[in-house]
1. Filter region D:39-50 down to residues that are under 25 Å from C:Thr96 (Cα atoms) and not hydroxyl-bearing (Ser, Thr, Tyr), then give me how many there are.
2. So D:Thr89 fits all but one of (1) out of contact with any Asp or Glu (no Cβ under 8 Å at 6 or more places or on another chain); (2) open to solvent by 10 Å² or more (accessible area, probe 1.4 Å); what number is the exception?
3. Quick check on this structure: which one of B:Asp2, B:Asp60, B:Asp92, B:Asp15 is on the phi < 0 side of the Ramachandran plot and touching a Cys at 6+ places or on another chain (Cβ under 9 Å)?
4. Quick check on B:Lys102: is it surrounded by fewer than 17 Cβ atoms within 10 Å (Cβ to Cβ), modelled with pLDDT of 85 or more and of a type in the set (Lys, Arg)?
5. Can you name the residue in region A:80-99 that is among the β-branched types (Val, Ile, Thr) and modelled with pLDDT of 85 or more and is also farthest from B:Ala30 (Cα to Cα) among such residues?
6. Just to be sure before I move on: is B:Thr54 away from chain C (no Cβ under 12 Å), touching a residue at least 40 places away in the same chain (Cβ under 8 Å), surrounded by 16 or more Cβ atoms within 10 Å (Cβ to Cβ) and touching a helix residue (DSSP H, G or I) at 6+ places or on another chain (Cβ under 8 Å) in the structure I sent?
7. Condition first: open to solvent by 30 Å² or more (accessible area, probe 1.4 Å) and more than 14 Å from C:Ala97 (Cβ to Cβ). Can you find one or more residues in region C:15-24 that meet it?
8. Quick check, is C:Glu31 at pLDDT below 90, away from chain B (no Cβ under 11 Å) and under 21 Å from D:Arg103 (Cβ atoms)?
4 protein chains.
Amino acid sequence: MDYSSINTPPACYADFCLVPVGTGTTSVAAEVAEVQKVVKASGLKYTMHSAGTTVEGPWDEVMTVIGKAHTIVHQTGAVRVQTSMRVGTRTDKKQTAEDKVKRVQDLLEESK
Amino acid sequence: MDYSSINTPPACYADFCLVPVGTGTTSVAAEVAEVQKVVKASGLKYTMHSAGTTVEGPWDEVMTVIGKAHTIVHQTGAVRVQTSMRVGTRTDKKQTAEDKVKRVQDLLEESK
Amino acid sequence: MDYSSINTPPACYADFCLVPVGTGTTSVAAEVAEVQKVVKASGLKYTMHSAGTTVEGPWDEVMTVIGKAHTIVHQTGAVRVQTSMRVGTRTDKKQTAEDKVKRVQDLLEESK
Amino acid sequence: MDYSSINTPPACYADFCLVPVGTGTTSVAAEVAEVQKVVKASGLKYTMHSAGTTVEGPWDEVMTVIGKAHTIVHQTGAVRVQTSMRVGTRTDKKQTAEDKVKRVQDLLEESK
């Protein structure tokens, strides 16, 4: 198979949590705020929650913005940056972050 | 060192995303709704977002409820269940999920 | 449903990567070595690789040892500890870590 | 800040575990074998273990190959593909997967 001609997915979501290592301070809020700015500047749809940030868009764009977030956090002085990520793609339909939460809430409502 | 006498952390948060494998259907909403019920029944504080659920409480209780979620999803017919989890503990202070989000939002507000 | 009577899975594997936050040093090798010791002391089957450690055993025992690992790393001075974990359970058969790798290698061999 | 001019990291490692969802079969070995082929074809350094695959290289190349792996697994019939990933970058030095494991093993040896 010619793997060079295979494309990355046109749509995905990535939920990521970035941790700066070796900064000497326990608070990561400043770094997380920087990450929010770079994600916002990308123009991609995103939502922040207490354990990470979910970004939606084409695979390459989503991964680029998370890579830029690493670079930004390195620039604030962190020598190591570690990210935990969950990425999902599907070919059957488009489903936004809100759709997913609503679908589960509807099921919970129905089963009451 | 006597490792048997070491305790698990008295407090943690765990953000988890559970995926049933080999069910033949692409929708996981029914399984996620079941997971929400078992988490709610635990009495622990939790929030659902589009890419997972965050539970807060003592380490053992949090891990037990996620283990029960696996069992529940197996009972719905899934032969394999795969979970991705992020877990955090800290010894300096208590910080809730809301506190964390608010701290970042305040920083973003200040830097405007 | 009576959720209190539900058991956690009798067998699972957990692949985890623990990161101490706010230690002021970029090397985490000392902390990872401590983690290896507590995992070894548990008597559970485990393997270390460059991006984490895989532990196999009953759900409660596996989660307890990872919780103890957090406590141990806190005792070395880290105020925050963050772990990324992948956990899998299956009800159809037992499959060890070695079995899984071998199965894939056999398929790659066959398709040559 | 001009976020458009920021680069992604020149080097990273990504440890990923890809799960096809809704395939109707519990075995994922065939899909994992396909993923190994696309990773191998990239020319990047990689190692497979029982809970995932670790790839090393420039951020963009590593993320492209994982995106191609999603596409490949979609082509085998999986409508949804879910990946859990750990990504690390550092600016102080290059450290390979082998270096990391060896450093921990040396520490364990010394402390015997």
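The values are calculated or read from the model by the stated rules, or taken from the named source; none is laboratory data. These numbers were taken from a predicted model, which means no experiment stands behind them. Cβ atoms come from the backbone with ideal geometry, glycine included; neighbour counts cover every protein chain shown. What goes into the accessible areas is simple: the full protein's heavy atoms, side chains included, and nothing from ligands, DNA or RNA. Shrake-Rupley method; radii C 1.70, N 1.55, O 1.52, S 1.80 Å.
1. 4
2. For D:Thr89, the failing item is (2).
3. B:Asp15
4. yes
5. Within region A:80-99, the match that is farthest from B:Ala30 (Cα to Cα) is A:Val81.
6. yes
7. yes
8. yes
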